[in-house]
There are 2 protein chains.
Amino acid sequence: MGYIKLSKKSFFHNLDYFSSLCGGKNKLSIALKDNAYGHGTYEIALFCQEYGIKHVFVRNLREYQIIKNFNFDSILVLYDIPKKVNENIIIAVNSIEYLKNIPNNSKVEIKLDTGMNRNGIYENEILKAVELIREKQLVLNGVFTHFCCADEDNDITLNQEKKFQILVKYFKKDFSNFRIHCAASAGVHKVDMSKYDLARIGIGAYGYLDLDQERYLKPVMSLYGQKIATKRLNKGDHIGYGSDAFVALKDIVVSNYNIGYGDGFFRFSEHKKANIADGRKILGRVSMDSLSVEGDDDEICIFNNVSQIAQANNTIKYEVLASLNPNIEKIK
Amino acid sequence: MGYIKLSKKSFFHNLDYFSSLCGGKNKLSIALKDNAYGHGTYEIALFCQEYGIKHVFVRNLREYQIIKNFNFDSILVLYDIPKKVNENIIIAVNSIEYLKNIPNNSKVEIKLDTGMNRNGIYENEILKAVELIREKQLVLNGVFTHFCCADEDNDITLNQEKKFQILVKYFKKDFSNFRIHCAASAGVHKVDMSKYDLARIGIGAYGYLDLDQERYLKPVMSLYGQKIATKRLNKGDHIGYGSDAFVALKDIVVSNYNIGYGDGFFRFSEHKKANIADGRKILGRVSMDSLSVEGDDDEICIFNNVSQIAQANNTIKYEVLASLNPNIEKIK
């Protein structure tokens with residue numbers, strides 16, 4: 001399973017960037033969801049606490065349990081409903097059905113669908129939502145939306161924001177003292193953050209952004225593999241599964257390391273090739289438990305920046321991070 | 001995170017098949033490694049115990065901890081070395097270095113490299129291995145190898161087996177009462193199992209095989225997503241991330257379900273399309289936490305057979321299973 005090295009320094013550097021962009025660290029809510037994008041919900045929660053982060057969000061109650069004893073002012077749970085009211089949980093409301101199922105007196109945050117067409121309350125459902133909040137004596141802690149295309153160069157985000165502003169007014173008529181947020185890592189570069197209470201920072205905190213500003217950020221995670229065995233191959237020998245996935249063109253020394261697709265790393269092969277951090281090729285097919293590269297180092301850095309791995313798999317950086325097995329050990 | 005449904009009936013059906021092929025259930029060692037190929041090490045260990053399986057293997061000591069109190073005769077740990085001798089653990093020896101690091105008096109099983117060129121002892125290292133076993137008073141519990149190409153239609157497996165037979169003789173000179181095994185799920189269709197003590201069954205136990213005989217097996221896992229929200233889209237509306245990943249060509253009803261690439265499911269998109277079990281398309285891009293399909297069912301079966309998903313991602317069935325997030329709830 002190798003291990004993951006986390007750079008607190010890089011994480012703090014990224015938080016400094018977003019803090020300065022958004023108007024202070026009290027305006028940041030950090031994504032601890034999906035195992036903190038693969039970095040470890042617990043480990044990143046520790047970093048957040050040390051930095052002075054007040055607000056975080058998780059995916060479900062399992063993740064809430066991991067961080068419930070941390071010193072955060074708010075924990076927003078995006079996709080789960082507790083069975084009993086719990087004043088330490090803020091429940092994101094993804095639909096009218098969600099509202100119906102939430103225990104009376106819970107704290108909620110209404111998600112408004114301004115164009116994702118996926119989760120959240122539409123404009124024509126707001127009256128019903130307000131009615132249910134009153135009826136169930138829910139505490140309206142906030143109203144928010146999510147941008148679909150903040151990393152695209154078009155007006156969609158601007159239009160979503162305009163729509164959001166209009167919809168928020170419906171709630172202002174009936175409620176006060178609730179927080180308002182819309183932007184995530186890319187979005188904060190497009191909206192005027194002085195108008196909002198919070199920015200939800202996910203991928204940016206971990207060092208990536210599909211915008212030019214990525215150059216101001218530093219990746220937090222490096223993935224390491226530890227050696228299982230070293231082999232001296234003769235010209236013509238093959239490695240691992242498949243008789244023609246990799247055949248040595250000359251006598252070489254190769255080693256096998258304990259990272260495989262069972263760790264959520266992608267299964268690179270003769271059809272889809274990638275390199276480790278120092279540029280050496282991954283030879284043949286990645287197995288469930290291991291992969292091979294030339295050389296005999298005791299351990300290798302598989303990546304310290306996921307850009308090349310994402311590109312080699314024709315996907316986005318998020319997937320490389322978030323699909324890593326949560327059981328991989330984290331080292332600071 | 002949805003949930004995984006496990007079919008004990010299908011698992012037992014597959015074990016019946018391999019039991020009959022290999023000469024009885026006492027000759028099967030079942031792969032509980034890598035979270036039992038995504039099915040849950042603990043849950044599948046329960047199934048194995050009920051069926052009367054005596055032998056299992058895991059990847060590391062973390063997995064050993066999960067099943068150490070089960071009633072198995074042997075637990076082989078493939079890629080980890082305990083700090084202290086533990087008579088309940090059989091340590092697979094992947095290299096001479098491994099042997100040096102194993103605590104004295106431990107039980108070991110020597111892996112012989114007969115052509116994977118990845119892990120295991122080469123012929124020219126056997127004398128050194130025997131010397132170390134004696135010196136450290138290790139208990140030789142077994143000798144084994146692994147086939148690189150048992151699902152290919154060529155002589156490679158036969159040649160590996162011949163080589164294995166020759167290498168095993170070196171150990172027979174010095175040791176007795178050790179078990180001998182070489183074949184895994186595909187391999188048992190190629191070797192004469194009466195010559196061996198054990199077959200290591202992984203993918204076959206879970207219902208898959210890259211051989212025609214796959215038709216005799218039944219998939220054990222189905223993955224389900226639970227609804228987050230339903231939306232009525234107008235013609236021209238898009239869904240999720242990206243303004244052009246999916247655009248509705250007519251008014252439709254779509255729902256969003258709680259399986260995403262954060263669950264280790266692949267990130268299908270406009271560039272790489274896949275269907276759920278009943279043939280409905282996954283619309284637009286799979287997000288970290290969710291995916292969308294047409295309709296409004298409360299829950300959907302994402303897959304009950306991973307063949308189509310594997311093909312759509314241009315990979316093997318193993319990867320679909322083993323890369324699933326171990327935290328997904330299992331239901332029997």
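Annotations
- From the options A:Y261, A:Y206, A:Y224, residue that is away from chain B (no Cβ under 14 Å) and either crowded, with 17+ Cβ neighbours inside 10 Å or among the aromatic types (F, W, Y) (or both): A:Y224
- Of the criteria (1) more than 14 Å from every other protein chain (Cβ to nearest Cβ); (2) out of contact with any helix residue (DSSP H, G or I) (no Cβ under 9 Å at 6 or more places or on another chain); (3) not aliphatic (A, V, I, L, M), which one B:D298 fails: (1)
- Which numbered condition A:S323 misses (of (1) facing chain B (nearest Cβ under 7 Å); (2) farther than 23 Å from A:K5 by Cβ): (2)
- No other residue among B:K128, B:K172, B:K190, B:K107 is under 25 Å from B:T315 (Cα atoms) and among the basic types (K, R) apart from B:K190.
- Among the residues of the range A:270-286, those that are surrounded by fewer than 23 Cβ atoms within 10 Å (Cβ to Cβ), out of contact with any helix residue (DSSP H, G or I) (no Cβ under 7 Å at 6 or more places or on another chain) and either within 8 Å of another protein chain (Cβ to nearest Cβ) or at positive phi (or both) comprise A:H271, A:G279.
- For the range A:177-210, filtering for residues that are part of a loop (DSSP other than H, G, I, E, B), at pLDDT 95 or above and under 18 Å from the mean Cα position of the chain (by Cα) leaves 13.
- Among the residues of the range A:303-332, those that are within 20 Å of B:R59 (Cα to Cα) and touching a strand residue (DSSP E or B) at 6+ places or on another chain (Cβ under 9 Å) comprise A:L324, A:I328, A:E329, A:K330.
- Search result, residues across the range A:22-53 that are out of contact with any Gly (no Cβ under 9 Å at 6 or more places or on another chain), within 19 Å of A:D197 (Cβ to Cβ) and touching a residue at least 60 places away in the same chain (Cβ under 8 Å): A:C22, A:G23, A:K27, A:L28, A:S29
- Looking at the range A:230-332, the strands (runs of 3 or more DSSP E) lying wholly inside it that each contain 3 or more residues that are within 30 Å of the chain's Cα centre (by Cα) sit at A:291-294, A:299-303, A:329-331.
- For A:I110: the one exception among (1) aliphatic (A, V, I, L, M); (2) buried (at least 21 other Cβ atoms within 10 Å of the Cβ); (3) more than 13 Å from A:F164 (Cβ to Cβ): (3)
- Looking only at residues of the range A:130-162 that are more than 14 Å from chain B (Cβ to nearest Cβ) and assigned to a helix (DSSP H, G or I), we find that the one that is farthest from A:E109 (Cα to Cα) is A:K162.
- Checked against (1) facing another protein chain (nearest Cβ under 10 Å); (2) in contact with a strand residue (DSSP E or B) (Cβ under 9 Å, 6 or more places away or on another chain); (3) over 22 Å from A:Y261 (Cα atoms), B:S243 passes all but condition (2).
- In the set (1) more than 7 Å from chain A (Cβ to nearest Cβ); (2) surrounded by fewer than 19 Cβ atoms within 10 Å (Cβ to Cβ); (3) in contact (Cβ under 8 Å) with a residue 40 or more places away in the chain, B:L249 fails one condition alone, (3).
- Any hit, the range A:214-221, residues being farther than 25 Å from B:G187 by Cβ, buried (at least 17 other Cβ atoms within 10 Å of the Cβ) and within 9 Å of chain B (Cβ to nearest Cβ): no
- Per-region count, the range B:87-102, residues touching a strand residue (DSSP E or B) at 6+ places or on another chain (Cβ under 9 Å) and farther than 17 Å from B:H55 by Cα: 8
- With respect to the conditions (1) assigned by TED's automatic domain parsing to the domain that holds A:V293; (2) in contact with a Pro (Cβ under 8 Å, 6 or more places away or on another chain), A:Y208 lacks only one, and its number is (1).
- Selection within the range B:114-129 - within 14 Å of chain A (Cβ to nearest Cβ) and within 20 Å of B:D197 (Cβ to Cβ): B:T114, B:G120, B:I121, B:A129
The values are calculated or read from the model by the stated rules, or taken from the named source; none is laboratory data. Because the structure is predicted, anything quoted here is derived from the model rather than measured. All Cβ positions, even for glycine, are placed from backbone atoms using ideal geometry, and neighbour counts span all protein chains on display.
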